[in-house]
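Step one of this worksheet: look at the structure below.
The values are calculated or read from the model by the stated rules, or taken from the named source; none is laboratory data. Quick caveat, the model's predicted, so the values are computed rather than measured. Virtual Cβ from ideal backbone geometry, glycine too; neighbours counted across all protein chains shown. In case anyone asks, the SASA skips ligands and DNA or RNA and just uses the protein heavy atoms, side chains included. Shrake-Rupley method; radii C 1.70, N 1.55, O 1.52, S 1.80 Å.
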Amino acid sequence: MTKLQNIYDNSPIIIQNLIVSLSGFNKFNQRYGRIYFEHRKFLKEFESWEKEKKINYQLKKLNEFINFARKNSKFYKKLYSNIPDKPLNEINDLKRFPIITKEMIRENLDEIITIPKWKGIISHTGGTTGKSLEVVFTKEDVMRRMAMLDHFKSRFGFENRLMRRATFNGQHIVPPNQKNKIFWRYNISCKQMIYSSFHTSEENLKYYCESLNSFKPQSIDGFFSSIVDLASYIKRKKIKLKFKPIAIFPTSEKVLKEDKELIEEVFQCKVYDQYASSEGAPFITECEKGNLHIELSTGVFEFIDENSKEIVVTSFDTKGTPLIRYRIGDSIEAIDFNFNCSCGIQSPIVKEINGRTTDFLVTIDGVRINAGNVANLFKNLHNSVIKSQIVQVSKDNIIIKLVVDKRIYKKEYDNQLHDEFLHKFGSKMKIEIQHVEEIEKESSGKYRFIINRI
Ligand SMILES: [Zn+2]
């Protein structure tokens, strides 16, 4: 546990709201600077371009980005030393360059990054591959990515920062010993009410509904499974909602059709999906017609080979930790380059985004915790976990298997991890940490981050 978390946990709620808001202000300043507003303006214009013009722009950006990486990243300089330094004539020329993996990033981060860590903004991720992974963004990267996300939301009439927003995320906001039923904190800088996704039990959901009815959010975003649980509760208990959001924007989980319909019925508004991982993948966004558009200004998606659905990504707004032909671990269903969507945006369409798992663990109070949220608990272990797997063997017993990089893994990480899990899954949960040499795969040959045996 960090010092700040300790202070937070022992403060009254009014001070906790202040800490959340201060941290919010800090993020606000990182995200909403000059570059953000300039880029918002550009994206609006870009959207009106014809496909051909967009693809030319994409190629130009790609060439600039590769040159940037060659010049500023030791890792890429070495990796590309045998590849002629001449411009790409088409996106397909990218195939000249090698694919990079998560393990390569984990092992070589110091050589990949183009700015010192202290100058950048560190993002902890790993997703559901069981690796603890740290990447560094420049301030410009963060602002441009934020601009893209907000631009996407603005298409439906939701303006981030200016409108009330309810977020279900994995942020630590409820201390482990809290007795009262307040599972949310307010980030005043973004008009954002943050709801804990660790406490959405059947018993607690009525308090969430009361809070939402008084806050009246204009959008709901965050973990899809938490929003589904909430919607299901509202429907079953026939709770009357006193607000109608403009739209709902889920993040980081696979959006299932039936669940989406349930949410749309309960909240009387549309759900719009979006893909862009925390490592910094390029964007895919859903339009008003329900089609998934590749955002050509943000990067390139390729299939790893002709027969595969697995993708490699090149993401222009990752100047801090350049991702070029990066094997991110996700897969997509067919890209249609020629589809003419009636929404008016000209760009290739993706049939479906796969790869984001729907696996989850269960807290002692019966709350489902999705894989992305579980992966978050590894964030203080830096780049030291090569592979991990979490097995829930019973309602009150979780086993954490770890393959660690012995050069950098510290003994005290075991205790930190144990504490994190205990806080999030309940103090009565038995947490065992096992250090192993290898994680066994499924009989299908597939690795799974989460195995739930209950
Ligand atoms: Zn469309």
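Of note:
- With respect to the conditions (1) within 16 Å of the ligand (Cβ to nearest atom); (2) open to solvent by less than 30 Å² (accessible area, probe 1.4 Å); (3) under 22 Å from GLU90 (Cα atoms), CYS341 falls short on a single one, namely (3).
- With respect to the stated conditions, SER123 fails to be outside the structural domain of VAL385 (by TED's automatic domain parsing), out of contact with any Leu (no Cβ under 8 Å at 6 or more places or on another chain), small (Gly, Ala, Ser) and open to solvent by 50 Å² or more (accessible area, probe 1.4 Å).
- Given (1) closer than 20 Å to ALA371 by Cα; (2) assigned to a strand (DSSP E or B), number of the condition SER225 does not satisfy: (2)
- Whichever residue in region 286-321 is small (Gly, Ala, Ser), buried (at least 22 other Cβ atoms within 10 Å of the Cβ) and in a loop (DSSP other than H, G, I, E, B) and, among such residues, is nearest to the ligand (Cβ to nearest atom): SER297
- Residue under evaluation ASN63, criteria (1) under 30 Å from GLU420 (Cβ atoms); (2) of a type outside the set (D, E, K, R); (3) open to solvent by less than 50 Å² (accessible area, probe 1.4 Å), criterion not met: (1)
- If you go through region 229-238 and keep only what is touching a strand residue (DSSP E or B) at 6+ places or on another chain (Cβ under 9 Å) and open to solvent by 10 Å² or more (accessible area, probe 1.4 Å), you end up with just ASP229.
- Test result for ASP359, closer than 30 Å to LEU205 by Cα, within 17 Å of the chain's Cα centre (by Cα) and acidic (Asp, Glu): yes
- Pick from region 250-282, criterion open to solvent by less than 10 Å² (accessible area, probe 1.4 Å) and touching a helix residue (DSSP H, G or I) at 6+ places or on another chain (Cβ under 6 Å), ranking: farthest from the ligand (Cβ to nearest atom): ILE263
- Single match in ILE386, ILE335, ILE324 (criterion: of a type in the set (Val, Ile, Thr), open to solvent by 10 Å² or more (accessible area, probe 1.4 Å) and either on the phi > 0 side of the Ramachandran plot or more than 16 Å from the ligand (Cβ to nearest atom) (or both)): ILE386
- Among residues of region 51-81, those that are among the aromatic types (Phe, Trp, Tyr) and under 15 Å from TYR326 (Cα atoms), counted: 4
- Filter pass, LEU212 being within 16 Å of the ligand (Cβ to nearest atom) and touching a residue at least 40 places away in the same chain (Cβ under 8 Å): no
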